[in-house]
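Since the structure comes first, as structure tokens, the remarks are kept for the end.
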Amino acid sequence: MSDELQGLLDLLQLEKLEINLFRGRSAAVSGKRVFGGQVLGQALTAASHTVDGRVVHSLHAYFLRAGDPEVPIVYDVDRSRDGRSFTNRRVVAIQHGRPILNMAASFQIPEEGLSHQSEMPDVPPPEELEPMHVELERCQQLPEKVRRLIRHQRPFEFRPVEPVDVMRPHKRAPRQCIWFRTVRPIPDDDHLNRCMLAYVSDYNLLPTASFPHGLSFLDGRLQMASLDHAMWFHRSVAVGDWSLYAIDSPSASGARGFVRGSIFSRDGALVASTAQEGVVRVWSQARD
């Protein structure tokens, strides 16, 4: 198992401080901030530790402040409701005495019912596509700090159906499809796979809102930051196998971009849906 994948699995192993109180380590994916997906995954792990015999079917979270990768994060779980079929938990992630994320998650006893779903987009299989980092490394003018970030090993591999030219971005429809999976197999544990899916669901979402405007994350004028994140788990998933993330952005306005995603298993089952709104600002001059 790769060091980065094992590191992510370790991040999801929270320390129990007291009843309903947990502590998780922090890590920086890039820059000086904690990746939002890490806080989502850890918050869902904390909530799951207070639930027995039920699986998460939805979560709704607000990112309140940037996470500090230098200090641990404390997760305070409120046992809002334990019903006959559904359980609700509210989680507050805390650093430096202030909340950095609020999340509500709902769990359900597994049961059978009506079933239908949207069809998976007709796209090439991942074996016919190149990994995202290979496509990016072909860009000769990439800044060295970006090149180092690309070469940094990650717990997930991504294979975009239509790669984005980050050096010469052109205006395109606000849609993209990306295959992803962990770089190595992980344990066959449903709660773990759902927490890992929450983690990876924060990748590649918000940038889709910039596609119609021909902007790249390398443009120093562009500011993007997630404000909230909603997720619905429809079916069980194995993140060690290939899944397809189909993302679109139906709207951008008021310095905010709205995006939504559908996650399909390799065999076409719709396993989860996501929605996110984030700050999307274009400054008149580049900023550090």
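The values are calculated or read from the model by the stated rules, or taken from the named source; none is laboratory data. Given the structure is predicted, the values throughout are model-derived calculations rather than measurements. Positions of Cβ are generated from backbone atoms using ideal geometry, with glycine treated the same way; all protein chains shown enter the neighbour counts.
General observations
- Matching residues in region 171-201 - criterion: being among the charged types (D, E, K, R), in contact with a helix residue (DSSP H, G or I) (Cβ under 9 Å, 6 or more places away or on another chain) and either in a helix (DSSP H, G or I) or under 18 Å from residue 7 (Cα atoms) (or both): 181, 184, 194
- The residue that is surrounded by the fewest Cβ atoms within 10 Å (Cβ to Cβ), counting only those in region 158-183 that are modelled with pLDDT of 95 or more and charged (D, E, K, R), is 175.
- Total residues in region 260-286 satisfying the condition of being free of Cβ contacts under 8 Å to residues at least 40 places away in the same chain and loosely packed, with under 15 Cβ neighbours inside 10 Å: the figure is 1.
- Restricting the search to strands (runs of 3 or more DSSP E) fully inside region 1-113 and requiring at least 2 residues that are within 22 Å of residue 226 (Cβ to Cβ) gives 28-30, 55-63, 73-82, 86-95, 98-108.
- Test set (1) touching a Leu at 6+ places or on another chain (Cβ under 7 Å); (2) assigned to a loop (DSSP other than H, G, I, E, B); (3) not polar (S, T, N, Q) - residue 224 fails condition number: (2)
Per-residue answers, yes or no, for (1) closer than 30 Å to residue 124 by Cα; (2) among the small types (Gly, Ala, Ser):
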site: 220; (1), (2): no, yes
site: 223; (1), (2): no, no
site: 228; (1), (2): no, no
site: 231; (1), (2): yes, no
site: 234; (1), (2): yes, no
site: 238; (1), (2): yes, yes
site: 245; (1), (2): yes, no
site: 251; (1), (2): yes, yes
site: 254; (1), (2): no, yes
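- Criterion (modelled with pLDDT under 95 and basic (Lys, Arg)) met by exactly one of 84, 89, 148, 79: 148
- The one condition in (1) touching a residue at least 40 places away in the same chain (Cβ under 8 Å); (2) surrounded by fewer than 23 Cβ atoms within 10 Å (Cβ to Cβ) that residue 65 fails to fulfil: (1)
- Odd one out for residue 133, checked against (1) within 22 Å of the chain's Cα centre (by Cα); (2) at pLDDT 95 or above: (2)
- Among residues of region 233-259, those that are surrounded by fewer than 17 Cβ atoms within 10 Å (Cβ to Cβ), touching a strand residue (DSSP E or B) at 6+ places or on another chain (Cβ under 7 Å) and part of a strand (DSSP E or B), counted: 3
- Test set (1) more than 26 Å from residue 104 (Cα to Cα); (2) in a strand (DSSP E or B); (3) modelled with pLDDT of 95 or more - residue 268 fails condition number: (2)
- Among the candidates 90, 79, residue that is among the basic types (Lys, Arg) and out of contact with any strand residue (DSSP E or B) (no Cβ under 6 Å at 6 or more places or on another chain): 79
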